[in-house]
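Asker: Pasting a structure below so you can have a look.
What follows is calculated from the coordinates using simple rules that are stated; it is not laboratory data. Computed from a prediction, not measured in an experiment: that's the story for all the values here. Don't worry about glycine lacking a Cβ; one is built from the backbone with ideal geometry, like all the others, and counts go over all protein chains shown.
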Amino acid sequence: MKPKLSFEWLHACSGCEIALLNYGEPLLALLNRVEIVHFPLLMDHKYTRPEREDLPLSLPEADIGLVSGGVAHQEHLTVLHEMRRQCRTLIALGTCATHGGIPAMRNQWSTADTLQTVLAAGDTEPGPMLDEPSLFLDRVYSVDEKVPVEVSLPGCPPQPELIAAIIEALLNKDTVPPANKSVCETCPTLRKGKGQTTIRRFLDNADYDRDQPVSRMRCLLEQGLLCMGPVTAGGCGGKDTPLCLRARVPCRGCYGPVRPGGNQLLDMKNALASNGIDHRSIVDRKSLLRFSGAHGLIQPAGKRR
Ligand code: SF4
Ligand code: SF4
Ligand code: SF4
């Protein structure tokens, strides 16, 4: 019998699932080895089974479960608990699941403020949940804050090869490949030592010669651009140049902190100090937690520690 795979998404954008589909032809070989029992992006599947009237919803059993997205309201929580109950190995897929990701930016407001100011005043249809504010949790949580997970795979989205490599490793009962230390580790830019002493504006372009490879471009942090490579987990470019650096733009931190439990804001302040850059020149410090605001790192103003 083939091992069973189950996918779920919570407060998510579907980018993580699309990333796996983007794996292309090698995905077909992988899919031949497994049976997908639940995948809302691709399959119509009922969430209740008549024989389990005792459960609010019921999902199929699986050997490996992958959950993307943060946990923002009661429905997410119910689905997540059922995934945990049914999946032998649970993978938190993508930075929303591992660190709260973009959805956790809302943790800077209380739930009441979020509903009244942000959702109700927006141009988009807020949906029926606005009528039942108690369904919303007090903040957006990462998956591991609510249930234990066996594997955390950050990235917004994670590289398709990384997702496939982890599924392969679990299928083969191998060790899950270790994460790279930081984005800087695989960045080939030239380091010349301390450069700019203040952060330049976000929209400033880097200085580089477009006819020269990235390895001839000076490190963007040394150029005074807010590159979060030193405090961001690596892996987005495989063993090659990190993705944003290929486009000659700074890393924005989308793989979350290098260390489990790390704080990209505090770590970046230290990295700036080591590079002789004044952290007070950052216009929006909170943006350093744009991908990792769960675990209580972003809080409403009145609650900040
Ligand atoms: S991690 Fe990024 S790609 Fe994945 S669900 Fe969150 S926002 Fe979308
Ligand atoms: S700070 Fe940015 S540009 Fe500099 S080495 Fe690290 S990733 Fe590369
Ligand atoms: S360079 Fe940074 S922001 Fe860009 S994809 Fe890699 S981890 Fe994400």
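Asker: At a Förster radius of 25 Å, what calculated FRET efficiency corresponds to the Cβ-Cβ distance of Leu30 and Met1, to the nearest 0.05? Write down the numbers at each step before the final one.
Answerer: Details: r = 17 Å, r/R0 = 0.67.
Computed FRET efficiency for Leu30 and Met1 comes out at 0.90.
Asker: Let me know the Kirkwood hydrodynamic radius for the chain, please, with Cα pairs as the basis and the value in Å to one decimal.
Answerer: Values: mean 1/r = 0.0483 Å⁻¹.
Computed over the chain, the radius equals 20.7 Å.
Asker: Loop only by DSSP, 14 or fewer other Cβ within 10 Å of the Cβ. Give me the trypsin sites (Lys or Arg not before Pro) in the range 1-55 that pass, ordered by residue number.
Answerer: Values: sites: Lys4, Arg33, Lys46, Arg52; in loops: Arg33, Lys46.
When the trypsin sites (Lys or Arg not before Pro) of the range 1-55 are filtered for loop state and at most 14 Cβ neighbours within 10 Å, Arg33, Lys46 remain.
Asker: Oh, and also: Restricting things to alpha carbons, tell me how big the range 82-123 is in terms of Rg and Dmax, in Å.
Answerer: Reported Rg and Dmax, both Å: 14.7, 42.
Asker: Quick check: from the Cα gyration tensor, does the range 209-257 come out rounded (a/c under 1.5), prolate or oblate? Walk me through the numbers on the way to the answer.
Answerer: On the way: a/c = 2.44, a/b = 1.37, b/c = 1.78.
Because a/c hits 1.5 or more and a/b fails to exceed b/c, the range 209-257 counts as oblate.
Asker: Relative to the compact globular guide of 2.2 N^0.38 Å, what is the alpha carbon radius of gyration of the range 32-127, as a ratio? All intermediate terms of the calculation are to be shown ahead of the outcome.
Answerer: On the way: Rg = 16.1 Å, N = 96, 2.2 N^0.38 = 12.5 Å.
After normalising by residue count via 2.2 N^0.38 Å, the value is 1.29.
Asker: Still on this structure: Under 16 Å between alpha carbons, and skipping anything fewer than 8 positions from Lys239 in its own chain: which lysines qualify?
Answerer: Correct list for Lys239: Lys181.
Asker: Can you tell me which of 156-162, 82-88 comes out highest on packing, and rank the rest after it, using the mean Cβ neighbours within 10 Å?
Answerer: 156-162, 82-88
Asker: Arg201 to Asn172: FRET efficiency via 1/(1 + (r/R0)^6), r the Cβ-Cβ distance, R0 45 Å, to the nearest 0.05?
Answerer: Working: r = 48 Å, r/R0 = 1.07.
That pair, Arg201 with Asn172, gives E of 0.40.
Asker: Pulled fully out, how much extra length does the chain show between Arg84 and Leu266, if you take 0.36 nm times their separation in residues and subtract their Cα-Cα distance?
Answerer: On the way: separation 182, 0.36 × 182 = 65.52 nm, distance 3.23 nm.
Separation in residues times 0.36 nm, less the Cα-Cα distance, equals 62.3 nm.
Asker: Separate question: What's the whole-number percent of alpha carbon pairs in the range 180-288 lying beyond 22 angstrom? Write down the numbers at each step before the final one.
Answerer: Values: 1434 of 5886 pairs.
More than 22 Å apart: 24 percent of the Cα pairs in the range 180-288.
Asker: Here's something else I'd like to know. So if I restrict to the alpha-carbon atoms in the range 4-171, what is the Rg, and what is Dmax, the biggest pairwise distance, in Å?
Answerer: Rg and Dmax of the range 4-171, Cα atoms, are 16.4, 48 Å.
Asker: Then there is this: Given R₀ = 45 Å, FRET efficiency for Ser274-Glu150 by Cβ-Cβ distance, to 0.05? Walk me through the intermediate numbers first.
Answerer: Numbers: r = 35 Å, r/R0 = 0.77.
FRET efficiency, Ser274 to Glu150: 0.85.
Asker: Which distance in nm do the two modelled labels at Asp131 and Arg285 give, with both placed 7 Å along the Cα-to-Cβ direction?
Answerer: Calculated label separation equals 4.3 nm.
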